[in-house]
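Here is the structure we will look at, set down as structure tokens.
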Amino acid sequence: MNLFPTRADALARLPAQTWDLVVIGGGISGAGVAQQAARRGWSVLLLEQRDFAWGTSSRSSKLVHGGLRYLKEGDLKTTLHSVRERQRLLREAPGLVEPQSFLFADCPGRKPGRWLMQTGLVVYDLMAGQRSHYYADLATAQALAPGLAPPGLRGALVFQDAKTDDARLVWRVLLEARRDGAVLLNYVAVESLTTANGKVTGLVAKDSLTGQTHAVQARAVVNATGAWADRLRAGVGAAPLLRPLRGSHLVLPFWRLPVAQSISFMHPQDGRPVFFYPWEGATLVGTTDLDHRADLDAEASITASEVAYLLDAVNDQFPAAQITAADISACYAGVRPVIDDGQQDASKATRDHVVRDESGMVTLAGGKLTTFRLMAQDALALAAPHAGKAFERSDAPLFTPAPPLNPRWSPAVRQRLTARYGAYAAEWSTGACDDLHTIPGTQTLWLELAIAARHEAVQHLDDLLLRRTRLGILLPRGGLDYLPRIHQLCAPHLAWDEARWELEVERYRALIAAHYQPPGTAQALGSDHDFAQRNSCSDPNAGTDPGPGATAQHATR
């Protein structure tokens, strides 16, 4: 059984009722709002102009962290909320949100210095109600991270945070919203807002796949469109609020840089925080923080100077590894919707969120992946009077228990599928054993492709390979070498004929070549490189790159 209604059925419902709440935006913020509202019995419609988690929420640093660096800026509230929400997610989403040990090398002359860092960690642990940090002497630090050798290394501070698959976290929240009755539609863009007596009462939406428009009536509207929020706000005469910042990352094969700890440090070039850590069978390196002046509707791309900046950071900590651009499996870049608080230094801009009621449309902007539940409740508190609903904050669990899976499956397989797919996974408990094997170089099971293709509103091949699974950034060449097996697994669930499949493959190949590989390496993806150029998938950041280290900064979300 497919737990989603058909797309046609969902579209038919758009004008058929007045919704208590329409949520615009299908990233973690919108998913959280939809889940919290649906759990309270509201009629909820969520519309996403591209794919669910297409923007920031699939391109983050994958960390569910307390925001240790915000202590340095004196932002105690953001850190406290983040630490507490991190602990909640570790309890409620085991296997999806996982503990990650961090190691911060202690080197003379490197900021912030051992004692200042240790003071921050004491506060960090007090907020979490635990003691998890300690000082490792030189021998212990090198045992924890073999090959670690920044200049002057004399030990390290070790502490705990957490990591996740950001796009899968969005999907678990969306699945909870769907379970409680929310209607979710991707590739439906809001073209305009409708108003009456100066109040937003609905919107006009366009199905990007068919071109058909729909009039939607709503008692309350929440704008959770992230970096695109100011566009909708302009429709009610609001002044710009956001400062789009680009964060870029590298993905390296784990064998090339095998680390068990997250290595966190200040970049020797400009003193800004950088990290790398093991993620989904690879090693993730990030991040930069640059004002993003390119078209928000184009895929963001890493620049050559960002690649060099991040490689310099890795080689500073592991000089013997001699990592080069040739070692990179993939790159990705996303745009953060940071509140413009007037800070000249982008890395010091606030990561707190704001909620505003503007002519009956509530805008939720800024914030962090970790605090999405609190952000959602703040938005609903403002939306409730418009929806005619009472509202009380709740600490109820985010996720409902999933049915047990086949006891003959290994505990690791059962935990992974339950954590990522909830109730959907039970339908596949008699799946063929071959489909329970991991795809080489990743922790992804072959079965996950079929589950996502059947249940998760896949409209394009990149939906499946970049967001439902992460094969497009985990595997060299975007996973193109595995397409025959992927086609075999997913064809029964996607209902695409051979011509449609070939079109999707060419579209995907062009996308990977232009936006998920280091600049200048697209030719490695094969004979369809000309197709990429014909379809104008050029680097949208061209001409905006300030050069290595000029303003490259760190801000994990």
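Derived value for the stretch 378-498: Kirkwood hydrodynamic radius 16.5 Å. Basis is the mean of 1/r over every pair of different alpha-carbon atoms. Contact order, relative form, for the chain: 19 percent (alpha carbon pairs under 8 Å, 6 or more residues apart, mean separation divided by residue count).
Highest mean packing first, where packing is the average number of other Cβ atoms within 10 Å per residue, the peptides 131-137, 273-279, 179-185 line up as 273-279, 179-185, 131-137. For Q415 and A260, the difference between the fully extended length at 0.36 nm per residue and the C-alpha to C-alpha distance is 53.7 nm. Extension gain for L76 to A304 (0.36 nm times residue separation, less C-alpha to C-alpha distance): 78.5 nm. For the stretch 455-499, a crude dipole built from +1 on the beta carbon of Lys and Arg and -1 on the beta carbon of Asp and Glu, taken about the Cα centre, is about 240 debye to the nearest 20. Shown here is the pair-distance distribution of the stretch 63-154: with all Cα-Cα distances grouped in 5 Å bins from zero up to the longest one, the shares run 2, 13, 20, 21, 18, 15, 9, 2, 0 percent. Remark: the chain carries a charge dipole of roughly 1340 debye about the Cα centre, counting +1 on each Lys and Arg Cβ and -1 on each Asp and Glu Cβ. Using a 7 Å offset from Cα along Cα-Cβ at A10, what residues in the stretch 458-473 end up with backbone N under 11 Å from the label point? Taking a point 7 Å out along Cα→Cβ of A10, the residues of the stretch 458-473 whose backbone N falls under 11 Å are 458-459. Look at the Cα gyration tensor of the chain: its axes a ≥ b ≥ c give a/c under 1.5, and that counts as rounded.
The modelled label-to-label distance for the pair Q130/E392, using points 7 Å beyond Cα in the direction of Cβ, is 3.0 nm.
The label-point distance for T438 and D481, in a model that sets each label 7 Å from Cα toward Cβ, rounds to 1.7 nm.
Once both labels are positioned 7 Å from their Cα atoms along Cα-to-Cβ, the gap between T400 and D295 label points is 4.2 nm. Pairs of lysines in the chain whose Cα atoms sit within less than 17 Å of one another amount to 9, provided the residues are eight or more positions apart or on different chains. The residue list A53, L193, M117 was ranked by how far each Cα lies along the charge dipole of the chain toward its positive end, using unit charges on Cβ atoms, and M117 comes out on top. Here the stretch 43-156 is assigned +1 on the Cβ of each Lys and Arg and -1 on the Cβ of each Asp and Glu. Its dipole about the Cα centre then comes out at about 240 debye. For a test of the definition: using alpha carbon positions, the gyration tensor, and the 1.5 limit on a/c, classify the stretch 285-443 as rounded, prolate or oblate. Verdict is oblate for the stretch 285-443.
Multiplying the residue separation of A381 and S359 by 0.36 nm and subtracting their alpha-carbon distance yields 6.4 nm. Specify whether the C-alpha gyration tensor of the stretch 430-480 places it in the rounded, prolate or oblate class, a ≥ b ≥ c being the square roots of the eigenvalues: rounded for a/c under 1.5, otherwise prolate if a/b is larger than b/c and oblate if not. Note, shape of the stretch 430-480 comes out oblate.
For a quick protection proxy, order the peptides 256-266, 114-124 by their average other-Cβ count within 10 Å, most packed first. Don't skip to the answer; put the middle values down first.
Values: 256-266: 19.8, 114-124: 16.6.
Going from most to least packed, we get 256-266, 114-124.
Think of it as helices only: each DSSP H run of n ≥ 4 in the chain is worth -39500 (n - 2.57), and spread over all residues that comes to -9500 deg cm²/dmol at 222 nm. Amide H contacts under 5 Å for T283: L252, F254, restricted to partners 5 or more places along the chain or on a different chain, H placed in the peptide plane at 1.01 Å from N. May I ask you to list the residues of the stretch 126-145 whose amide nitrogen lies under 17 Å from a point 7 Å from Cα along the Cα→beta-carbon direction of S101? Label zone hits: 131-145. Ordering 236-244, 472-480, 389-397 by mean Cβ neighbour count within 10 Å, with the highest value first, yields 472-480, 236-244, 389-397.
No lab work stands behind these numbers, since they all come straight from the coordinates. What you are looking at is a predicted structure, and each value in this text was computed from that prediction instead of being measured. When we count neighbours, we look across all protein chains shown, and the Cβ atoms used for this are built from the backbone with ideal geometry, even at glycine.
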